[in-house]
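Structure record follows, encoded as structure tokens.
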Amino acid sequence: MPHRAKQGVAPVQIQKQNVSKPMKTLARRRDEDDSTDMGDGADEWTQPKTLVKPPDQLELSEAELKEEFTRILTANNPHAPQNIVRYSFKERAYKPISIVDQLAVHFSLDGNMLHKDSDEARRQRARMGVIDETLPSDSTEPGERDAESVAAGDEGTEGEELLPKSRKERKLTNQFNYSERASQTYNNPLRQRASQTEPPPRANFSSTANQWEIYDSYIEELQKQEKLKEKQKAPASKKEDELQARRRAPATESQSDDITKVEKSSKIIERMVNQNTFDDVLQDFRYFEDVADEFREQEGTLLPLWKFQYEKAKRLSVTALCWNPKYKDMFAVGHGSYDFMKQTRGLLLLYTLKNPSNPEFTFSTESGVMCLDVHKDHPYLVAVGFYDGNVAIFNLKSESPQPKYMSSAKSGKHTDPVWQVKWQKDDLDKNLNFFSVSSDGRVVSWTLIKNELVHTDVIRLSVERSTQDNVEGLQLQTHGSGTSFDFHRQIDYLFLVGTEEGRIHKCSKAYSSQFLDTFDAHNMAVDTVRWNPFHPKVFITCSSDWTVKIWEHSVKKPMFVFDLNSAVGDVAWAPYSSTVFAAVTTDGKVHVFDLSVNKYEALCQQAVVAKKKTKLTHIEFNPVYPVIIVGDDRGHVICLKLSPNLRKMPKEKKGQEAPKGPEVEVAKLDKLLSLIREPDDKPEK
């Protein structure tokens, strides 16, 4: 049996010397403290315990009893809030808090502990009437203890009042659990566990060509050329200069010819070196599938593959992305700036997945590139729109870095930035043409005739109720500002135009003075509008008002509305499903939706940038591979692979092939629209 101990307010036993008590009282009280009370149930632990089985207990077989049910315990508090925001005085805005306190307090009790020799302890004992007993040290004999106590008692009686003997000592109970019996827990000793394995086999290998060796060889060649230039600058007579110039002329010509001969082969070697360097990423790009998707119900992930960056494009934003329709591994990137106070220059770059370290083609422009589009039948022609209102066409086959065609003030250039360009089918005379939209309210058709661009205004955007009376009483009508547009896949004359006022106009090439229909879509500028690649009546829009909306062109109300909690930069339909689309936001996240799986939330919300202040601007799906590319405002392009849950195809029944084709995708989207469509909103036939 454990020793019974006195417990009071303080864990330190309170003792006070009482000089007025005789030795017998001390001995009797000491015996009482050392004694142990034995209750009536002292022998209960020795009796055998019998198991009582309730009558309604479930009977299980051995296999069911051996079945294991795993439960994963985490330290996360399920009731902890995940959406706390606090005001940031630095940025003057409310910012979400990423760190959430997971600590849950189940019981809290404030206690006090006093030292027995302190003044506060003496005052407490005096208030409660407890008599102090100071036991002498264990080294003294019993007779000596009695003598000392008597002597101390005789000396202490002078000038002190004696407490009444009848008052008994009051035991101080433990305020935590009111238990008078002490208990101690045994701390398990720390143990160390170690294991030793054989080291994995290793082998040394060497290569004959790599990227830095090629770079070093180019640097050595440049140094040689600089030394030659310094020698030429040295003072010499005119005759010697003429002789040296005659001698150097054939050498430089032969040197330039040698570089042009090696250019193609050096590109091939550079691609081979890069493919060996990024061999792991290439394997993931082709064959890797996230096995964890089998254990997730609906969620998917994005696997980072490559990060494309160019040194001259560090301070420029990615303003446009477009895959090449013929070469599926090549895409074009436009660089500029969305800040009208910081407009300097622009870049047009073309990358390939075979060489992520350097662009294949580089074109520098005087104004920032705002949009671009690659021709479907002629993949070497790239139409570009600039911030200064000009449009141009670059020919990748030509060796000149200048554009093949360029608009000017004489040829009807835009007066505001060009936000989007789109190639169209050839006209009746088999001339190439494309369309452009700008903030000046004009949608212009550009035709390539011989060596010049001929423009035709298709439509001028106007703002409803925008007529104002000036001082002279005349009415002034302000034009609308176009920000985006898209042409119908099947109906050639039908196209949609998004405006800075948040409206979407359904227009026709045949009517230049009026709109077929107008949708009050968003509260801010419409950044992107795109027709569904399968369904002829559905299109999607996004805006900086944090929303993505899906529309049916014959119904004024949106069919789906998604709030992404941040300004949406771009949205794109997937080329393999009519119900899958992806959007990018300014907080650095990519959102992937599949309406056939979940009509309310995204299957994937993943941050793909390292820095928090980095904003994503554009996104594009690859037409063949399960890959997307994302551009940000720091000039980087990130390539990501979609996990299997983000590209689910229809399940195949046993003995039957799953139906495929555009008709199946149209029927799948029609089924979703019929569930959401209101009775009054019947589509036009």
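Per-residue answers, yes or no, for (1) in contact with a strand residue (DSSP E or B) (Cβ under 6 Å, 6 or more places away or on another chain); (2) open to solvent by 20 Å² or more (accessible area, probe 1.4 Å):
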{"residue": "TRP546", "(1), (2)": "yes, yes"}
{"residue": "TRP551", "(1), (2)": "yes, no"}
{"residue": "SER554", "(1), (2)": "no, yes"}
{"residue": "ALA574", "(1), (2)": "yes, no"}
{"residue": "ASP587", "(1), (2)": "no, yes"}
{"residue": "PHE593", "(1), (2)": "yes, no"}
In the stretch 605-652, how many are in contact with a strand residue (DSSP E or B) (Cβ under 8 Å, 6 or more places away or on another chain), closer than 26 Å to MET330 by Cβ and not aromatic (Phe, Trp, Tyr)? 32
Candidates THR483, THR447, filtered to the one that is at pLDDT 80 or above and buried (at least 21 other Cβ atoms within 10 Å of the Cβ): THR483
For PRO403: the one exception among (1) under 27 Å from SER508 (Cα atoms); (2) surrounded by 18 or more Cβ atoms within 10 Å (Cβ to Cβ): (1)
When you look at THR579, is it under 26 Å from LYS95 (Cβ atoms) and surrounded by 19 or more Cβ atoms within 10 Å (Cβ to Cβ), yes or no? no
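Name the one entry in ASP216, ASP280, ASP241, ASP284 that is loosely packed, with under 10 Cβ neighbours inside 10 Å, of a type in the set (Asp, Glu) and either assigned to a helix (DSSP H, G or I) or modelled with pLDDT under 80 (or both).
Numbers: ASP216 fails: loosely packed, with under 10 Cβ neighbours inside 10 Å; ASP241 fails: loosely packed, with under 10 Cβ neighbours inside 10 Å; ASP284 fails: loosely packed, with under 10 Cβ neighbours inside 10 Å.
Every option except ASP280 fails the conditions.
Taking only the stretch 36-65 into account, find how many residues are modelled with pLDDT of 80 or more, open to solvent by 100 Å² or more (accessible area, probe 1.4 Å), in a loop (DSSP other than H, G, I, E, B) and among the hydrophobic types (A, V, I, L, M, F, W, C).
Start the filter on the stretch 36-65 by keeping residues that are modelled with pLDDT of 80 or more, which leaves 52-65.
Then keep just the ones that are open to solvent by 100 Å² or more (accessible area, probe 1.4 Å); that gives 52-53, 55-56, 58-59, 62, 65.
Still in the running and in a loop (DSSP other than H, G, I, E, B): 52-53, 55-56, 58-59.
Subsequent filtering for residues that are among the hydrophobic types (A, V, I, L, M, F, W, C) retains 52, 58.
Result for the stretch 36-65: 2.
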Among the numbered conditions (1) at pLDDT 90 or above; (2) on the phi > 0 side of the Ramachandran plot; (3) of a type outside the set (D, E, K, R), tell me where GLY441 comes up short. (1)
Listed by first then second residue, the pairs whose first member lies in the stretch 396-419 and is on the phi < 0 side of the Ramachandran plot, whose partner is part of a loop (DSSP other than H, G, I, E, B) and open to solvent by 60 Å² or more (accessible area, probe 1.4 Å), with beta carbons under 6 Å and at least 6 positions apart or on separate chains, are LEU396/TYR380; LYS397/TYR380
Looking at (1) in contact with a Lys or Arg (Cβ under 9 Å, 6 or more places away or on another chain); (2) crowded, with 20+ Cβ neighbours inside 10 Å; (3) modelled with pLDDT of 90 or more; (4) closer than 27 Å to HIS488 by Cα, which is the only condition CYS639 fails? (4)
Show the residue pairs that are 6+ apart or on different chains and have beta-carbon atoms under 9 Å apart, the first residue being within the stretch 200-221 and closer than 16 Å to ASN358 by Cβ and touching a residue at least 12 places away in the same chain (Cβ under 8 Å), the second being open to solvent by less than 80 Å² (accessible area, probe 1.4 Å) and not in a helix (DSSP H, G or I). GLN211/SER357
Quick one: which strands (runs of 3 or more DSSP E) sit completely within the stretch 338-377 and have at least 1 residues that are free of Cβ contacts under 8 Å to residues at least 60 places away in the same chain and among the aromatic types (Phe, Trp, Tyr)? 361-365
Say we look at the stretch 514-530 and pick out the residues that are open to solvent by 30 Å² or more (accessible area, probe 1.4 Å) and among the hydrophobic types (A, V, I, L, M, F, W, C); which of these is farthest from GLY480 (Cα to Cα)? LEU516
Filtering the stretch 531-544 for residues that are within 22 Å of GLY588 (Cβ to Cβ) and surrounded by fewer than 20 Cβ atoms within 10 Å (Cβ to Cβ) leaves a count of 1
Of those in the stretch 609-622 that are at pLDDT 90 or above and not charged (D, E, K, R), the residue most open to solvent (accessible area, probe 1.4 Å) is HIS618
Residue pairs, Cβ under 6 Å, 6 or more apart or interchain, first in the stretch 292-307 and open to solvent by less than 20 Å² (accessible area, probe 1.4 Å) and assigned to a helix (DSSP H, G or I), second of a type outside the set (A, V, I, L, M) and at pLDDT 80 or above. List them. ASP293/SER643; ASP293/PRO644; ASP293/ASN645
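The values are calculated or read from the model by the stated rules, or taken from the named source; none is laboratory data. Bear in mind the structure is a predicted one, so any value in this text is a computation, not a measurement. Don't worry about glycine lacking a Cβ; one is built from the backbone with ideal geometry, like all the others, and counts go over all protein chains shown. Heavy atoms of the whole protein, side chains included, go into the accessibility calculation; ligands, DNA and RNA do not. Shrake-Rupley method; radii C 1.70, N 1.55, O 1.52, S 1.80 Å.
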